[in-house]
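Visitor: Here it is, the structure in full.
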Amino acid sequence: MTIEQTQQQIIDEFSMFDDWMDKYNFLIEMGKDCPLIETQYKTNNYLINGCQSRVWLHASYDGKQISFSADSDAVITKGIVNLLIRVFNDHTPEEILASDTAFLDKIGLKEHLSPTRSNGLLSMVKQMKLYAQVYQLKSIQQSHD
Amino acid sequence: MTIEQTQQQIIDEFSMFDDWMDKYNFLIEMGKDCPLIETQYKTNNYLINGCQSRVWLHASYDGKQISFSADSDAVITKGIVNLLIRVFNDHTPEEILASDTAFLDKIGLKEHLSPTRSNGLLSMVKQMKLYAQVYQLKSIQQSHD
Amino acid sequence: MENSKRFDIQNIRSQFPALHQQVYNKPLVYLDNAATTQKPQIVIDRLKTWYEMENSNIHRGVHYLSQQGTVAFESARKTVSTFLNTKFTHEIIFTKGTTDSINLLASSLGKLLVNEGDAVLVSGMEHHSNFVPWQQLCIERKANFLVVGITGTGEIDIEQYKLLLEKRPKIISIAHISNVLGIINPIEEMIRLAHNYDIPVVIDGAQSVCHQKIDVQQLDCDFFAFSGHKMYAPMGVGVLYGKEKWLNAMPPYQFGGEMVSQVSRQETTFNELPFKFEAGTPNIGAVLGLETAIQFIESVGIEQIAVHEEKLIRYALKKLQEIDRLRFIGNALKQASVISFLIGDIHPYDLGMIIDKLGIAIRTGHHCAQPVMEYFGIHGTMRVSFAMYNTFEEIDTFVAAVKKAALMLE
Amino acid sequence: MENSKRFDIQNIRSQFPALHQQVYNKPLVYLDNAATTQKPQIVIDRLKTWYEMENSNIHRGVHYLSQQGTVAFESARKTVSTFLNTKFTHEIIFTKGTTDSINLLASSLGKLLVNEGDAVLVSGMEHHSNFVPWQQLCIERKANFLVVGITGTGEIDIEQYKLLLEKRPKIISIAHISNVLGIINPIEEMIRLAHNYDIPVVIDGAQSVCHQKIDVQQLDCDFFAFSGHKMYAPMGVGVLYGKEKWLNAMPPYQFGGEMVSQVSRQETTFNELPFKFEAGTPNIGAVLGLETAIQFIESVGIEQIAVHEEKLIRYALKKLQEIDRLRFIGNALKQASVISFLIGDIHPYDLGMIIDKLGIAIRTGHHCAQPVMEYFGIHGTMRVSFAMYNTFEEIDTFVAAVKKAALMLE
Ligand SMILES: Cc1ncc(COP(=O)(O)O)c(C=O)c1O
Ligand SMILES: Cc1ncc(COP(=O)(O)O)c(C=O)c1O
């Protein structure tokens, strides 16, 4: 699936809920499916410090695609973390850099990515893009070797 | 005339004016009649520093009554200074201490004595009373000698 | 006399326009009053009248509006002075808020009293605004920063306090009521003990001033600081009360405007109290709004308010106890207007976000009091805080929402 | 484009409720705008809406009102940033006013740059708020306080300025427009000259920001300070713009609240820009009012306003010249919005009091700028100052009143 397709899939999933409680229930479930960061990485090095909730993020690159794992101490934050991972996981740096997170707006969760929410999510997205940039650079360099 | 009588006299004088300009014209005239402080006293020692206008005040005591002389750099202030001197001049310390400046209220000039008017007038009244206090003490001491 | 007044909650609520709104199609239940209170219409109207009819810059102006404004401003100072029962009106300094008041003190009283090797004492339950300024002062001056601990129930450890007094701190600064725990500290006793050593005591009254009668002469505190916006007044105005002798001895904090008396190239002399500490154009409209807020509080009756809020807190404590795995943070007997709690290992942020969607405004997190979090070994709490306009029904709605959210998050 | 807009003075006036009142049964003629401006209805309404519908404490709150408030507050910061054309939004710090902004700098930039034997440079025409903080800093640090003189026409003596630059002051702080003389200082040139020596320049923009377009990147000033209340916004809010590199290097000024990042007993780490410099609950309502005031100014057009005010000042200068024995204090070609004058040896206080009774609000005295009075060997002046809503008719009324008063006082 392309990034856009996953985003659309999530939008479809959320379209079933017309109540905030159902949405949050679903997010809580999503949180449980989050590809968990390995304990060895759950350290300050991989910590993204929001003032209210904290997120740990790890990325690995197989030379083609990036895959992420993460965790958060707040389960709703973790649910959103997993949405973002579902969207960006197993894509190339180029694909990740070319895409946005507009789907969050469509499912009514845009506010969670606002700089005024000190939950670490905005920094997390930035961090994901940063990984993509770094790996893109790496593969360009390697192809020049 | 008693202090009250002079105050009533001034109230009568002012009752002729129903226009602010006339009042101020009269005050300006009053300023010209002010018993002027002798040059030797027109120094920082006798200065009452308002932020907007300045007043110099001197008092002398003949063992019975106090007489004041003064000056101000602003002529309207000087007019009010003279009203105050007319009222208090040539009275005993006791009389001065027992009286107030309510007449200013009745002629519409009360605001000039408010602490928010930084024209030195409020401090001047305080200074006049202080002189009265000091001279009262002196005469009590003397009568005890 | 006060007690014979009827406390008419519906009438009170009707005067607060912000309470009558819906969020997410649910009626707003506003329980974040320790952060800031809503404003009665009369306070909002005071601002409006000021700006529509009276606005001008005060002090030193000869013209009508400026004169009237000055009179109004100085009479507001008198109102605050009477409200706190200060000895002199010029002991009331208008600031931007509690944080501004305490920073003024840390700078100015710090310069007067604190040198290398000296000490300053605060408690472990202070808001950052009454912790960091003193800590940074101590770092700058190479002085000792003493922090008196708190017990398991969230009270100041008075025995430790007595021991720390032996170190003769130069300044003691203590919250009257903790913004996290709601605990009312025994400040009368603490002040008395400190005065045995002639140590001046600063009281951070941000969380107490609108919940109980304050009499600074009876308390005998040396300073008392609070914010208007936490007591039904507009934002951008606060108060620092200080005993005349201290305010006279302290150097000014900020320079410029009305606080200046004479300036030459080489030196400046400063105006007398209270102007000495009020540099720049004051927030006149908000000061008048503060006066109106005080008049409003007095018209309701501060004792009546205290009684009502006491009932609310007892009721809320009882109702919350029904919730499984709920524990209170801080558990002292003397608690006012604030409750902090946790449920199992539910993250406060999760719970706050869910009940927000049910229309309920509470605060979650460390409440700008990380040291207190450290004592309890936690990252944050859920905090509800009450004002005169809250009702028992609101507490029911709130508790029901918490139960619902807790179920979801289990 | 801007110039094609019609400047409809009657429409503008109708938006300022305070202008339509009588004092002493005379229509108010408000010419004390340099002290504070009146507020358009839209600004007053913004405050009202904030307190009636939106009020809450911002940052870190999870609930709806707090989130909305935070978004509104940060978008106001963006509006100010665009208005001044700053490079980054986080270069905008909200303060209490100009005096607060400059005191922040004197403390914080002072700590960063000024040590014993160093120098700080200001001009002899500064408002006390941009004079005394630097003077006191120099006294405290045993640094040299350099004051560049002004010429007989009231301009900064640029030759002397060049010489003083050789002393390599660490900081230069200069008014953009003098609040006494109305003179527009050649700050572009002064900044350029200072930057040749890498000296940072602070601009006190209190009297310029609502009278001409400010582009801080074009000016290349390092700091720019102003007050909301002098630009149609509520009291209790001001701005400090600073270049990112300076703001990052400077230590914080006040401590507590949102500016704190992590606190332990031993130390505190601070939040990033702009929060690092915003301790305590900000004056949120007033910040939103400032945003509305900027939008109002932009809807009228700042260039249009400048053109109108330029016409007013030329007209007033011409009309005042008709008065016997009148002399202007300060007489440079580049003059904006402010005129100071004296008539014979009439005391300004006398004249101010008389024309007050004719409904005219002007300011008399030293205007918190005693050093400038010293240059001219006077104690005070009469000062008129204009805003966008003043009219030629008002100038006529004012001049007639001055003539009448001068006759009485001769
Ligand atoms: C106990 C206490 N002190 C100080 C403050 C700071 O008040 P402000 O933000 O109004 O300066 C608060 C408010 O959060 C508080 O609760
Ligand atoms: C040039 C100048 N600087 C500073 C100030 C001080 O501004 P505020 O009183 O708003 O802090 C003023 C206002 O009087 C001013 O005209």
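Visitor: What shape does the stretch A:39-117 have by the C-alpha gyration tensor, where a ≥ b ≥ c are the square roots of the eigenvalues, rounded means a/c under 1.5, and otherwise prolate means a/b greater than b/c and oblate the rest?
Guide: Because a/c hits 1.5 or more and a/b fails to exceed b/c, the stretch A:39-117 counts as oblate.
Visitor: Next question. Please give every one of the aspartates and glutamates within straight-line cross-link reach of D:Lys111, meaning a C-alpha to C-alpha distance under 14 Å, and leave out same-chain neighbours fewer than 8 residues apart.
Guide: Leaving aside aspartates and glutamates fewer than 8 places away in the same chain, those within reach of D:Lys111 are C:Glu140, D:Glu140.
Visitor: I'd like the Karplus ³J(HN,Hα) series for the stretch C:353-358: coefficients 6.51, -1.76, 1.60, θ = phi - 60°, whole numbers in Hz, and an x wherever there's a Gly or Pro.
Guide: Rounded to whole hertz, the list is 5, 5, 6, 4, 5, 9.
Visitor: Let me know the charge dipole size of the stretch B:43-145 about its Cα centre in debye, to the nearest 20, where only the beta-carbon of Lys, Arg (+1) and Asp, Glu (-1) is charged.
Guide: Computed charge dipole of the stretch B:43-145: roughly 260 debye.
Visitor: Send over the per residue convex hull volume for chain B, Cα only, as a whole number of Å³.
Guide: Per-residue hull volume (Cα only) is 107 Å³.
Visitor: Taking the alpha-carbon centroid of each part, what is the distance from the stretch A:86-114 to the stretch C:104-120 in angstrom?
Guide: Using only Cα atoms to place each centre, the spacing works out to 52 Å.
Visitor: For the protein assembly as shown, take the convex hull of the Cα atoms, compute a quarter of its surface area, and give me that in nm², please.
Guide: The directionally averaged projection comes out at 50.5 nm².
Visitor: Over the stretch B:1-97, what is the relative contact order in percent, taking alpha-carbon pairs closer than 8 angstrom and at least six residues apart?
Guide: Rounded, it is 31 percent for the stretch B:1-97.
Visitor: Which far-off residues, 5 or more places away or on another chain, put their amide H under 5 Å from the one on D:Ile171, with H placed in the peptide plane?
Guide: Under 5 Å from the amide H of D:Ile171: D:Leu121.
Visitor: Dipole size in debye (nearest 20) for the stretch C:238-383 around its Cα centre, Lys and Arg Cβ +1, Asp and Glu Cβ -1?
Guide: Taking the Cα centre of the stretch C:238-383 as origin, the dipole is about 400 debye.
Visitor: Taking +1 at the Cβ of each Lys and Arg and -1 at the Cβ of each Asp and Glu, which of C:Phe255, C:Ala72, C:Pro348 sits farthest along the dipole of the protein assembly as shown towards its positive end, judged by Cα position relative to the Cα centre?
Guide: About the Cα centre, the residue reaching furthest to the positive side is C:Phe255.
Visitor: Gain in length, C:Lys87 to C:Leu163, computed as 0.36 nm per residue apart minus the alpha-carbon separation, to one decimal in nm?
Guide: 24.2 nm
Visitor: Rounded to whole Å, how close does chain D get to the rotation axis onto C by Cβ? Give me the residue too, please?
Guide: D:Gly236, 2
Visitor: Counting DSSP beta bridges in the stretch C:44-298, what percent are antiparallel, to the nearest 5?
Guide: The antiparallel fraction comes to roughly 50 percent.
Visitor: What are the residues whose amide H is under 5 Å from the amide H of D:Val23, where those residues sit 5 or more places off or on another chain and H is modelled from the backbone?
Guide: D:Leu28
Visitor: Taking all pairs of distinct Cα atoms, average 1/r, flip it, and tell me the Kirkwood hydrodynamic radius of the stretch D:70-146 in Å to one decimal place.
Guide: The answer is 14.1 Å.
Visitor: Once label points are set 7 Å from the Cα along Cα→Cβ at both B:Gln5 and D:Leu317, what is their separation, rounded to one decimal in nm?
Guide: Taking the simple label geometry, B:Gln5 and D:Leu317 are separated by 6.0 nm.
Visitor: Going by a ≥ b ≥ c, the root eigenvalues of the Cα gyration tensor, does the stretch D:51-184 fall in the rounded group (a/c under 1.5), the prolate group (a/b larger than b/c) or the oblate group?
Guide: Because a/c hits 1.5 or more and a/b exceeds b/c, the stretch D:51-184 counts as prolate.
Visitor: Farthest toward the dipole's positive end in chain B, which of B:His58, B:Tyr24, B:Asn45, given Cβ charges of +1 (Lys, Arg) and -1 (Asp, Glu) about the Cα centre?
Guide: Result: B:Asn45, furthest along the dipole toward the positive end.
Visitor: Then there's this: Would you please give the FRET efficiency between A:Glu95 and B:Leu97, computed as 1/(1 + (r/R0)^6) with r the Cβ-Cβ distance and R0 = 60 Å, to the nearest 0.05?
Guide: Using R0 = 60 Å, I get an efficiency of 0.05.
Visitor: For the stretch C:190-288, place one equal point scatterer on every Cα, skip the solvent, and apply the Debye formula. What is log10 of I(q)/I(0) at q = 0.13, 0.15, 0.24 Å⁻¹?
Guide: Values, matching the q order: -0.58, -0.74, -1.26.
Visitor: Loop only by DSSP, 16 or fewer other Cβ within 10 Å of the Cβ. Give me the GluC sites (Glu not before Pro) in the stretch B:1-92 that pass, ordered by residue number.
Guide: Sites meeting the loop and neighbour criteria: B:Glu38.
Visitor: How large is ³J(HN,Hα) for each residue in the stretch B:104-114, as worked out from phi by the Karplus curve 6.51 cos²θ - 1.76 cosθ + 1.60 (θ = phi - 60°), to whole Hz, x for Gly and Pro?
Guide: Coupling constants for the stretch B:104-114: 4, 4, 5, 9, x, 10, 3, 4, 5, 9, 6 Hz.
Visitor: Looking at the stretch D:246-299 from every direction and averaging, what is the projected area of its Cα convex hull in nm²?
Guide: Average of the hull's projected areas for the stretch D:246-299 equals 4.8 nm².
Visitor: How far, in nm to one decimal, is C:Ser261 from itself in the other copies if the label point is set 7 angstrom along Cα toward Cβ? Shortest first, please.
Guide: For C:Ser261, the inter-copy label distances come out at 4.4 nm.
Visitor: Just want to confirm a number: the relative contact order over chain D, from Cα pairs under 8 angstrom separated by 6+ residues, in percent.
Guide: This gives 23 percent for chain D.
Visitor: Given 10 Å bins starting at zero, what is the percent of C-alpha pairs of the stretch D:150-211 in each, up to the one with the largest pair distance?
Guide: Per 10 Å bin, starting at zero, the Cα-Cα P(r) for the stretch D:150-211 comes out as 21, 53, 24, 1 percent.
Visitor: Here is a further query. Work from the charge dipole of the stretch B:3-139 (Cβ charges, +1 for Lys and Arg, -1 for Asp and Glu, about the Cα centre) and give the residue of B:Tyr135, B:Leu36, B:His112 farthest towards its positive end.
Guide: Value: B:Tyr135.
Visitor: Dipole size in debye (nearest 20) for the stretch D:44-298 around its Cα centre, Lys and Arg Cβ +1, Asp and Glu Cβ -1?
Guide: For the stretch D:44-298, the charge dipole is close to 400 debye.
Visitor: Using θ = phi - 60° and the Karplus curve 6.51 cos²θ - 1.76 cosθ + 1.60, what whole-Hz ³J(HN,Hα) does each residue of the stretch C:302-312 get, with Gly and Pro shown as x?
Guide: 5, 5, 4, 5, 4, 4, 4, 5, 4, 5, 4
Visitor: Shifting gears a bit: Taking a point 7 Å out from Cα toward Cβ as the label site, list the nm distances between C:Tyr24 and the same residue in every other copy, smallest first.
Guide: So the distances to the same position in the other copies read 6.1 nm.
Visitor: Between A:Asp73 and residues 5 or more places away or on another chain, which pairs have amide H atoms under 5 Å apart, with H built 1.01 Å from N, and which residues are they?
Guide: A:Arg54
Visitor: Among the lysines, select those whose C-alpha is under 23 Å from the C-alpha of A:Lys78, and discard any that sit fewer than 8 residues away in the same chain.
Guide: A:Lys23, A:Lys32, A:Lys42, A:Lys106, A:Lys110, A:Lys126, A:Lys129, C:Lys357, C:Lys403, C:Lys404
Visitor: Take the alpha-carbon positions of chain D, form their convex hull, and give its projected area averaged over all directions (one quarter of the hull surface) in nm².
Guide: That works out to 21.4 nm², a quarter of the Cα hull's surface.
The numbers here are math on the coordinates, done by the rules we state, and not lab data. Everything numeric in this text was worked out from a predicted model, so none of it was measured. Glycine gets a Cβ as well: all are built from the backbone with ideal geometry, and neighbour counts include every protein chain shown.
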